[in-house]
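The values are calculated or read from the model by the stated rules, or taken from the named source; none is laboratory data. Because the structure is a prediction, the values reported are computed rather than measured. For neighbour counting, all protein chains shown are included, and Cβ atoms are generated from backbone atoms with ideal geometry for every residue, glycine included. Quick note on the areas: whole protein, heavy atoms, side chains included, nothing else; ligands and nucleic acids left out. Shrake-Rupley method; radii C 1.70, N 1.55, O 1.52, S 1.80 Å.
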Amino acid sequence: MVRNLSKRVLILGGYGTFGSRIAQLLADRDDIQLIIAGHNRSRAESFASSLPGLAEGLRLERDSVNLPAQLKALHLDLLIHCAGPFQGQDYHVAEACIRSGIPYIDISDDRRFVCDFHRLSAEAERAGVTLVSGASSVPGLSSAVLRELRTEFGGIDAVEIDIAPAHRIARGLATVRAGFESLGREFPILRAGEWRETYTGDQLRKTRLAHPVGTRWVCNFDVPDLELWPRALPDLRHARFGTGVEPRTLQLGLAACARLARHNLPATQPWLARLGHRLAARWPGGSAHGGMQIHIGGRDRDGRPLGYRWQVLGLNGDGPWIPAAPAAALARKILDGNYQAPGARACWELLDLREILLEMNRFSIISACERIDTSSGTPLMPALQS
């Protein structure tokens, strides 16, 4: 039985790296009409024409003064904001959705953008509008893993998240800019029960994911989870997030740029980010495999040491589908009426892990969870105590 086309979903930045993937995930529904929007109308229309079913492209600027009126005229059922970078971006799009009565999702992984998003909650509640920020790898997917595993624990005192993207994938300039321009910036992390300062690019270290991803180099990076996990877990004493690129020489260069930026040298200018974006595509070496892993450590309900490691690997260039999946899963819940919560909040434990994994089952993506032997009493992440 064919359902009537009744749900209009606008994806702002819908022809970009992640917006285009969210569109393709949602295009399997015959009751959704996709509207691909961005500042380049021809690119929006071209991508919309490649999608199955009914889709259209249009020009829409995220900073438009009359954005609420433009959105209201489109009669939308949902807006998904993918027009990054979100670092330094205000809540203009979300506020426009409140004024036009449209549910809103974004894929931000910027700490302040996501963690301060609740400031819009009172206005959103009065308008009866649902707003959710951070429906991506962090905190959308990472908190779904916590939701899956936390019942195994009597208390959680340590968490470490690593994301090691593949080198042989297409990268959007907004993603590169967000990472590059943040190098050297200070932010607080929880170490040994105390808040201490680190900076983006600090603590260059090895991490190991399952085959075929293997050993990667990562360094400290600021994400919403570093604030949201301690809020949710009163026993937490250690939290760290690491990410890095390959090959190793490229990652070492970024770490060097971070150190230069710490001395106020011009190592992270926007023009350098654009140059790095072009060079990365031509840089030899690397692979098409990447992944994400989450270590959670603490005690079971009998007080014995307990640890888990959860991993998801994106193989053969399919890694970028991982951060796209949470937004698609949440969009389905909102459109189907299974998530209706007026207000503004982070995407924290709003999704079941299986809902996210279901979005990725047609791609070369695998996940696994294993229990870690912590019976010796050794801290799960001893480096955090250094």
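Can you name the residue in region 115-132 that is of a type in the set (A, V, I, L, M, F, W, C) and touching a Phe, Trp or Tyr at 6+ places or on another chain (Cβ under 8 Å) and, of all such residues, is nearest to residue 325 (Cα to Cα)? Among residues in region 115-132 that are of a type in the set (A, V, I, L, M, F, W, C) and touching a Phe, Trp or Tyr at 6+ places or on another chain (Cβ under 8 Å), the one nearest to residue 325 (Cα to Cα) is 132. Residues in region 222-270 that are open to solvent by less than 30 Å² (accessible area, probe 1.4 Å), at pLDDT 90 or above and in a loop (DSSP other than H, G, I, E, B): 223, 224, 233, 236. Filtered by the rule that a residue be in contact with a strand residue (DSSP E or B) (Cβ under 7 Å, 6 or more places away or on another chain) and either crowded, with 20+ Cβ neighbours inside 10 Å or at pLDDT below 95 (or both), region 177-191 gives 184, 185, 186, 189, 190.
The residues listed here are 325, 280, 383, 341; of these, the one that is part of a helix (DSSP H, G or I) and at pLDDT 95 or above is 325. Yes or no: region 362-373 includes at least one residue that is open to solvent by 20 Å² or more (accessible area, probe 1.4 Å), more than 25 Å from residue 29 (Cβ to Cβ) and assigned to a loop (DSSP other than H, G, I, E, B). Yes, some residue in region 362-373 is open to solvent by 20 Å² or more (accessible area, probe 1.4 Å), more than 25 Å from residue 29 (Cβ to Cβ) and assigned to a loop (DSSP other than H, G, I, E, B).
Quick one: would you say residue 306 is in a loop (DSSP other than H, G, I, E, B), over 20 Å from the mean Cα position of the chain (by Cα), at pLDDT 95 or above and of a type outside the set (Phe, Trp, Tyr)?
Details: in a loop (DSSP other than H, G, I, E, B): no; over 20 Å from the mean Cα position of the chain (by Cα): yes; at pLDDT 95 or above: yes; of a type outside the set (Phe, Trp, Tyr): yes.
No: the conditions fail for residue 306.
With a requirement of 2 or more residues that are within 20 Å of residue 362 (Cβ to Cβ) and among the aliphatic types (A, V, I, L, M), the helices (runs of 4 or more DSSP H) lying completely within region 1-88 that satisfy it span 19-26. Screening the candidates 129, 65 for the property of being of a type in the set (A, V, I, L, M), more than 19 Å from the chain's Cα centre (by Cα) and open to solvent by 50 Å² or more (accessible area, probe 1.4 Å) yields one hit, 65. Take residue 354 and decide whether it is closer than 24 Å to residue 101 by Cβ, among the basic types (Lys, Arg) and within 18 Å of the chain's Cα centre (by Cα). So residue 354 does not fit the description; no. For residue 135, state whether it is crowded, with 24+ Cβ neighbours inside 10 Å and either in contact (Cβ under 8 Å) with a residue 12 or more places away in the chain or among the small types (Gly, Ala, Ser) (or both). Yes: the conditions hold for residue 135. Filtered by the rule that a residue be open to solvent by 40 Å² or more (accessible area, probe 1.4 Å) and either in a loop (DSSP other than H, G, I, E, B) or of a type in the set (Phe, Trp, Tyr) (or both), region 211-221 gives 211, 212, 217. Per this entry, residue 32 is not counted among residues that are under 20 Å from the mean Cα position of the chain (by Cα) and modelled with pLDDT of 95 or more. Contact map, region 17-30: residues that are open to solvent by less than 10 Å² (accessible area, probe 1.4 Å) paired with residues that are of a type in the set (Gly, Ala, Ser) and in a loop (DSSP other than H, G, I, E, B), Cβ distance under 8 Å, separation 6+ or inter-chain. Pairs shown: 19/13; 19/83; 22/14; 23/14.
Of all residues in region 297-350, those that are open to solvent by 40 Å² or more (accessible area, probe 1.4 Å), under 22 Å from residue 112 (Cα atoms) and either free of Cβ contacts under 8 Å to residues at least 12 places away in the same chain or not acidic (Asp, Glu) (or both) total 3.
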